[in-house]
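Structure first, then comments.
The values are calculated or read from the model by the stated rules, or taken from the named source; none is laboratory data. Source: prediction; values computed, not measured. Ideal geometry is used to build each Cβ from the backbone, glycine not excepted, and the neighbour counts take in all protein chains shown.
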Amino acid sequence: MAEQVSLKRPTTSGSDSTVQFSSRIGFFLAAVGSAVGVGNIWGFPTQAADNGGGAFVLAYLLFSFLLAWPMLTAELLVGRYGRSDPVETLSKLSSSPIHRILGQVTGWASTLTVILIYSFYSIIAGWILCFGLAPVALLLGFEQFSQTLMSFQTVPTLTATACFMFMTTQVVSGGVADGIEKWCSRLMPLLVLLMLALIGFTLSQPGAIEGLKYFLMPDFSKLFDHQLLIHALGQSFFSMSLGVGVMLVYGAYLSRNSNVPLLAAGVALTDTLVAILAGLLIIPGMFVALHHGIEIHTPEGALKSADTLVFDVLPALFIQFGHFGALISVAFFALLAITALTSSVSMLEVPVAIIQRRHWALRPQSSWLVSIAAFAISVCIVLWHEPLFALIVGATTRYAMPLLSLSVCLFTGWVWSRHHKLQELQQGCPNIGSSWFWKIWPWYIRIVCPVLILLLILFTF
């Protein structure tokens, strides 16, 4: 039975005392749902396969412990301390007028970034919905419609994007406990079951064992290759929804008596395990496709890009299995749709939380207003795909997220007082002051994490 949590929220300007996770397991599943996104399912496996297989997995595990876990702990802890939205929370960490202004600027920048990510992420989710429905349309005899769904044309793309945003908005409109928590608690176990079933099927096919070896057998000669290390660092960083206010908001809904470092470790570990499970599904699946005569490599010998594998290679593979392949295809794209939905819900919650704290509109209206604005951006991206899509994806994920995370890291490590950090940690773990965690984490978040993020930014630029 999930431990029930009572969140008595302090009386602050714009606070909403009804906003809370009803249980720690509910928070955990929601946070994992945010961290486990489409990138875990298609990005991590190809990154691993192209960067030394098991050597990349080892480096990814290392950076998840060295960067993702301390940073996730920091964002959740700051969020619980502030008990508000990113703008208000970051401005509360210091009484200095300059720090307060910088905190507000960082909070608004995070909010704008997450809205832009929500806009293009919903387009990708729309493609996923189209490819998931295509085999169903084919089985029903609508061959032309099935081809249209997989054509990336404007009308089906925007229709599916609108449908995905509708689902996201419906979940967020329900609130934290009755919307986000309830649906993540249902969808995350379903995601794991679908993944395990698909892994079992894939590993039973000819060629899968070669793919398994390709994914898991480490090439230790690449372990200290700077490209491998930077890719592993980036993958561990981006998979945790850091820097865009999501974990600050989720931390605000967390109980005062929760052990934040322990919860953050659980989220980081689970996210990593799901990424590895995705590798056990995707890479063997690629070699099964190769066994069926489907090309999976570029002329240079590397695996095709992640989006090509998902929207080209795998659908071609599923066709090989006839009617049963249609069922496998639906299950696979349902898996992707679930990961997209649980992540998009957390993205939408950030601007909705800002509107809620300021009492500008009720939660349902807030959710719809933000989604309508985001859909307008999505329409522009689809209509002007060539110049806008890559630009917005790069600007938000490659540049804005690391810079914003660096800002949050500096606020946590240098602006927020050591005394207040310890007080907040002691809320859920009274004896943490004498632990090794407290001896290491405060200076680690001040020095080591900023250096790692700066390295990522340096190689990105």
Q. Is the range 235-256 home to any residue that is at pLDDT below 85, crowded, with 22+ Cβ neighbours inside 10 Å and farther than 27 Å from Thr169 by Cβ?
A. yes
Q.
Which count do you get for residues in the range 211-239 that are of a type in the set (A, V, I, L, M) and farther than 22 Å from His297 by Cα?
A. 4
Q: With the checklist (1) touching a Lys or Arg at 6+ places or on another chain (Cβ under 8 Å); (2) touching a residue at least 40 places away in the same chain (Cβ under 8 Å); (3) of a type outside the set (Phe, Trp, Tyr) in hand, flag the one item Ser91 doesn't pass.
A: (2)
Q. Listed residues Ser241, Ser255; which is out of contact with any helix residue (DSSP H, G or I) (no Cβ under 7 Å at 6 or more places or on another chain), within 27 Å of Gln426 (Cα to Cα) and either part of a loop (DSSP other than H, G, I, E, B) or of a type outside the set (A, V, I, L, M, F, W, C) (or both)?
A. Ser255
Q. Tally time: how many residues in the range 295-311 are in contact with a Gly (Cβ under 9 Å, 6 or more places away or on another chain) and free of Cβ contacts under 8 Å to residues at least 12 places away in the same chain?
A. 0
Q. Restricting attention to the range 94-104, and to residues there that are touching a Ser or Thr at 6+ places or on another chain (Cβ under 9 Å) and surrounded by fewer than 23 Cβ atoms within 10 Å (Cβ to Cβ), which single residue is farthest from Ser378 (Cα to Cα)?
A. Ser94
Q: Please give the number of the condition Ile209 fails out of (1) crowded, with 23+ Cβ neighbours inside 10 Å; (2) among the β-branched types (Val, Ile, Thr); (3) part of a helix (DSSP H, G or I).
A: (1)
**Q.** Test result for Leu410, within 22 Å of the chain's Cα centre (by Cα) and closer than 26 Å to Phe65 by Cα
**A.** no
Q: Can you confirm whether the range 213-220 contains a residue that is crowded, with 21+ Cβ neighbours inside 10 Å and among the aliphatic types (A, V, I, L, M)?
A: no
Q. Which helices (runs of 4 or more DSSP H) sit wholly inside the range 306-407 and have at least 1 residues that are modelled with pLDDT of 90 or more, among the aromatic types (Phe, Trp, Tyr) and within 30 Å of Pro135 (Cα to Cα)?
A. 322-357, 363-383, 385-393
Q | Residue in the range 183-192 that is part of a helix (DSSP H, G or I) and more than 20 Å from the chain's Cα centre (by Cα) present | A | no
Q | Odd one out for Thr412 among (1) touching a residue at least 60 places away in the same chain (Cβ under 8 Å); (2) surrounded by fewer than 21 Cβ atoms within 10 Å (Cβ to Cβ) | A | (2)
(Q) Please determine whether any residue of the range 49-59 is within 16 Å of the chain's Cα centre (by Cα) and not β-branched (Val, Ile, Thr). (A) no
Q: Using the structure shown, decide if Phe164 is on the phi < 0 side of the Ramachandran plot and either under 25 Å from the mean Cα position of the chain (by Cα) or without any contact (Cβ under 8 Å) to a residue 24 or more places away in the chain (or both).
A: yes
**Q.** For Thr159: the one exception among (1) at pLDDT 95 or above; (2) within 23 Å of the chain's Cα centre (by Cα); (3) of a type in the set (Val, Ile, Thr)
**A.** (2)
Q. Under 29 Å from Ile392 (Cα atoms) and touching a helix residue (DSSP H, G or I) at 6+ places or on another chain (Cβ under 6 Å), is that true of Ile294?
A. no
(Q) I'd like to verify a number: residues in the range 438-461 that are within 15 Å of Gly413 (Cβ to Cβ) and among the aromatic types (Phe, Trp, Tyr), how many? (A) 4
Q: Filter the range 421-446 for residues that are free of Cβ contacts under 8 Å to residues at least 12 places away in the same chain and polar (S, T, N, Q) and give the result.
A: Gln423, Gln426, Asn431, Ser434, Ser435
Q) Just to be sure, is Gly43 more than 24 Å from Ala376 (Cβ to Cβ), in contact with a Lys or Arg (Cβ under 6 Å, 6 or more places away or on another chain) and crowded, with 20+ Cβ neighbours inside 10 Å? A) no
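Per-residue answers, yes or no, for (1) touching a residue at least 40 places away in the same chain (Cβ under 8 Å); (2) under 23 Å from Glu181 (Cα atoms):
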site: Phe220; (1), (2): yes, no
site: Phe224; (1), (2): no, no
site: Leu228; (1), (2): yes, no
site: Val244; (1), (2): yes, yes
site: Met247; (1), (2): yes, yes
site: Asn257; (1), (2): yes, yes
site: Leu273; (1), (2): no, yes
site: Leu277; (1), (2): yes, no
site: Gly293; (1), (2): no, no
Q. Do we find a residue being of a type in the set (Val, Ile, Thr), buried (at least 18 other Cβ atoms within 10 Å of the Cβ) and more than 19 Å from the chain's Cα centre (by Cα) anywhere in the range 263-276?
A. no
